Amino acid sequence: MPAPNTCYHLDSRLAMQRVGDLEIDQDLRFENAEWRAERAAWALMSLIILAAILGLFGSGVLNRSEAYGEGIKVRYPRFGRVSSPTALEVTVAPALVKDGVVQVWLPREYAVSLEITSAIPPPESGTSTEDRVVYAFRAKPGVPANIVFQGRFAEGTMGFLTARIGIISGGEANFWQFVWP
């Protein structure tokens, strides 16, 4: 025999319960599932906010990185946005400076994806081959050469980019970047 305060509907999952003068429909399985979904959504939103704070979508700890090669170090942002300014900081060991000049190369496909707008110091010259773009910079012998390439990612560049920067008289550094739309 049903409890005196319970009425059953055609849908056996819903039980009408009397609370004072009110009859209230409740589906506890649905409510529990809804609460779990809400908690999962809050957890996901919290993770997205934490990732943003740490630099997944801009500047922050997750975004700063360094790559090393023989005689070369590159500091770069892991994540970038299309048309937003970005910078690559290249440090070249003194041993790779030949006759007061250091020649830095970039693969052509990377140079097309990252439109370089300027370099500090300005290059003495620049040449382009079928597979590389080469910049020559004046450098003091016996002192590490510091070069900053400034640019922005070209329209249509999205997703993972594998990149390399090298020195004609030395090694190269390999790294990756992710470009957001």
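The values are calculated or read from the model by the stated rules, or taken from the named source; none is laboratory data. Because the structure is a prediction, the values reported are computed rather than measured. When we count neighbours, we look across all protein chains shown, and the Cβ atoms used for this are built from the backbone with ideal geometry, even at glycine.
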Discussion item. Can you pull out every residue in region 59-80 that is at pLDDT 90 or above, surrounded by 14 or more Cβ atoms within 10 Å (Cβ to Cβ) and either in a loop (DSSP other than H, G, I, E, B) or of a type in the set (Asp, Glu) (or both)?
Written reply: Gly71, Arg78
Discussion item. On the basis of being assigned to a strand (DSSP E or B) and either loosely packed, with under 15 Cβ neighbours inside 10 Å or in contact with a His (Cβ under 6 Å, 6 or more places away or on another chain) (or both), does Val179 make the cut?
Written reply: no
Worksheet item: Any idea which of (1) at pLDDT below 80; (2) closer than 30 Å to Pro181 by Cα; (3) of a type in the set (Phe, Trp, Tyr) is the one Tyr8 doesn't satisfy?
Response: (2)
Discussion item. Give me the residue from region 148-167 that is surrounded by 14 or more Cβ atoms within 10 Å (Cβ to Cβ) and touching a Phe, Trp or Tyr at 6+ places or on another chain (Cβ under 6 Å) and, out of that set, nearest to Val102 (Cα to Cα).
Written reply: Gly166
Practice prompt. Could you check how many residues of region 60-87 are within 18 Å of Ala111 (Cβ to Cβ) and over 14 Å from the mean Cα position of the chain (by Cα)?
Written response: 5
Practice prompt. Consider Val101 carefully, then state whether it is more than 20 Å from Tyr68 (Cα to Cα), among the β-branched types (Val, Ile, Thr) and more than 28 Å from the chain's Cα centre (by Cα).
Written response: yes
Item to complete: Please tell me if Ala52 is exposed (fewer than 15 other Cβ atoms within 10 Å of the Cβ) and either touching a Leu at 6+ places or on another chain (Cβ under 7 Å) or outside any strand (DSSP E or B) (or both).
Response: yes
